[in-house]
Amino acid sequence: MKEETKLIQNILSDPLTGAISTPIYQTSTFVQEEPGVHKGYDYTRTNNPTRKVLENIIKDLEEGYAGLAFASGLAAIDATVKLLSNGDEIIAVDDIYGGTFRLLNLYKKLGINTNFVDTSCLKNIISHISSKTKMIWLETPTNPTLKISDIQKISLNVKKINSNILIVVDNTFATPIIQKPLNLGSDIVIHSATKYLAGHSDVLAGLIIVNNKQLYDTLKYIQNSTGGILSPMDSWLTIRGCQTLYLRIKKQSENAMKIASFLKTKNIIDKIYYPGLISHKNYTIAKKQQRYFGGIVSFSLKNDTLYAAKKIVTSTKLFKLAESLGGTKSLICQPSTMTHKSTPLDIRIKTGIQNSLIRLSIGIENIDDLIHDLNNAFLLL
Ligand SMILES: *Cc1c(COP(=O)(O)O)cnc(C)c1O
């Protein structure tokens, strides 16, 4: 079977009733025949049949050993950091998701330190590796300038130095439709399923996929010990979202490419960030590593002011002004005053988040309508 078919067909009907849609097992506990004798489920924090279906879907999509579902992306990220101990160090991508940056800073006081480096250049990683390094944390593409890191090259070279260093990839922006990091040599993949996987801006969810049993057992133990699990209802919403993932990613990537090309024709635009454009600084590796270029496009204005960007983000009608991304509906945001407002100014400028930067999360609407909407907003400048 081809991937698209497998995704749908691997979601089995309910063995008990034949229900074609996965039942929502809204229950905290399960009746036992004798103490310890049950059907594989004893308490929903430990195991739940609806959550299990989702965990199998994402395991198949990422071609991993097993999956684990959490209450949010950050709950999944937190569980992963808990693999480490006092004194261990992480090397992470410098323009990492703001919430992950905040979490990693919190871990400093527990003795787990992070070095933030530009991971799109391998030697920045290699030169920071020490005997304390236990984890490399990648996001590719990054938010909002869509910087790409070469997962295969990094995994290969880091493992040559020390095969015990774990390679973690936050695959939220790409999704397994675009790239499968485990096949490129990483050990752990993380998703904020809140974004593309659930895909309808109606649920918060996080996922971890690992490539071996030992990592799975340890993370399963951490998940059960800390309790940040995904509820049965939210598991069901995420299962439903995943079923259309192929269609959405394909359409959103096609729309995004057309919007990036449209932006190139506009005089008021300064920089355009889209990995599908030859002018993007990581175009070559994006083309090699990714099946599509994704649904996020960012750009800055020649008039690099907060005011000019605000004028645009408040003038579009179809593009709704909101944080988050990856849903069916197109969104627009101004990172410098919204998603990245707590990032220190010097880091903000260094990572390309200038005052006028605007990020688009492209939805599944008709491309002509989306371009028309942006064009109307540009005319007001
Ligand atoms: C949104 C996001 C997260 C955090 O996920 P939540 O579901 O909001 O907790 C982590 N990483 C990336 C890349 C994200 O975009």
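Please treat every number below as a calculation from the coordinates, not as lab data. What you see is a predicted model, and the numbers here were worked out from it, not measured in a lab. Glycine gets a Cβ as well: all are built from the backbone with ideal geometry, and neighbour counts include every protein chain shown.
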Alpha-carbon centroids, segment 91-115 and segment 38-63: separation in whole Å: 29
Principal axis dimensions, largest first and in whole angstrom, of segment 3-242 by Cα: 57, 39, 30
Phi to ³J(HN,Hα) by Karplus 6.51 cos²θ - 1.76 cosθ + 1.60 over segment 320-325, Hz, x for Gly, Pro: 8, 6, 6, 6, 6, 6
Per-residue ³J(HN,Hα) for segment 288-298, Karplus 6.51 cos²θ - 1.76 cosθ + 1.60, θ = phi - 60°, Hz, x for Gly and Pro: 6, 8, 10, 7, 10, 9, x, x, 10, 10, 10
Angle in degrees between helix 49-62 and the longest Cα principal axis of the chain, rounded to the nearest 10: 50
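Report the longest stretch of the chain that contains none of the GluC sites (Glu not before Pro) sitting in a DSSP loop with at most 12 other Cβ atoms within 10 Å. Present the calculation step by step, with values, prior to reporting the outcome.
Details: sites that count: GLU33, GLU323.
Result for the longest clean stretch: 34-322.
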Candidates ASP170, ASP95, ASP346, ranked by Gaussian network fluctuation over the chain, Cα under 10 Å, top entry: ASP346
Leading residue at positive end of dipole, segment 246-378 (Cβ point charges), from ILE268, SER315, ASN255: ASN255
Two-site label geometry, LEU379 and ILE161: point separation in nm, points 7 Å out along Cα→Cβ: 5.5
In sequence order, calculated HN-Hα J values of segment 160-174 (Karplus, 6.51, -1.76, 1.60; Hz; x Gly/Pro): 5, 6, 7, 6, 8, 6, 7, 9, 10, 10, 7, 9, 4, 6, 8
For segment 313-381 versus segment 235-253, the gap between their alpha-carbon centres in whole angstrom: 22
Exceeding the 23 Å Cα-Cα cut-off - candidates LYS250/LYS329; LYS266/LYS311; LYS82/LYS147; LYS251/LYS317; LYS134/LYS287: LYS82/LYS147; LYS134/LYS287
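In percent, how large is the relative contact order of the chain, given Cα pairs closer than 8 Å and 6 or more residues apart? Kindly include the intermediate steps, with their values, before the conclusion.
On the way: 723 pairs, mean separation 60.6, N = 381.
Taking the mean separation of contacting Cα pairs over the length of the chain, I get 16 percent.
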0 to 90° range, to nearest 10: angle between helix 98-108 axis and the chain longest Cα axis: 60
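How big is the charge dipole of segment 246-378 about its Cα centre, in debye rounded to the nearest 20, if each Lys and Arg gets +1 on its Cβ and each Asp and Glu gets -1 on its Cβ?
Computed about the Cα centre, the dipole is about 300 debye.
How big is the charge dipole of segment 288-352 about its Cα centre, in debye rounded to the nearest 20, if each Lys and Arg gets +1 on its Cβ and each Asp and Glu gets -1 on its Cβ? Intermediate values should be presented prior to the final figure.
Working: 11 positive and 3 negative charges, 39 e Å.
Here segment 288-352 has a charge dipole of around 180 debye.
So which trypsin sites (Lys or Arg not before Pro) in segment 101-132 pass both tests, a DSSP loop state and at most 14 other Cβ atoms within 10 Å of the Cβ?
Values: sites: ARG102, LYS108, LYS109, LYS123, LYS132; in loops: LYS109, LYS132.
In loop regions of segment 101-132 (DSSP not H, G, I, E or B), the sparsely surrounded trypsin sites (Lys or Arg not before Pro) are LYS109, LYS132.
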ASP346/GLU33 FRET efficiency (R0 45 Å; Cβ-Cβ; nearest 0.05): 0.10
For segment 263-316, size of Cβ-based charge dipole, Lys and Arg +1, Asp and Glu -1, in debye: 160
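Contact order normalised by length for segment 246-378, with contacts defined as Cα pairs under 8 Å and 6 or more residues apart; what percent is it? Provide the component values of the computation, followed by the final result.
Working: 218 pairs, mean separation 37.7, N = 133.
It rounds to 28 percent for segment 246-378.
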Selection from ASN10, ILE77, ILE222 lying farthest towards where the dipole of the chain points positive, charges on Cβ: ILE77
For the chain, built as a Gaussian network whose Cα springs stay under 10 Å, the top-fluctuating residue of LEU184, LEU68, LEU230: LEU184
Rounded to 5, percent antiparallel among DSSP beta bridges of the chain: 55
Of SER127, SER253, SER21, the one that fluctuates the most in a GNM where the chain has Cα springs shorter than 10 Å: SER127
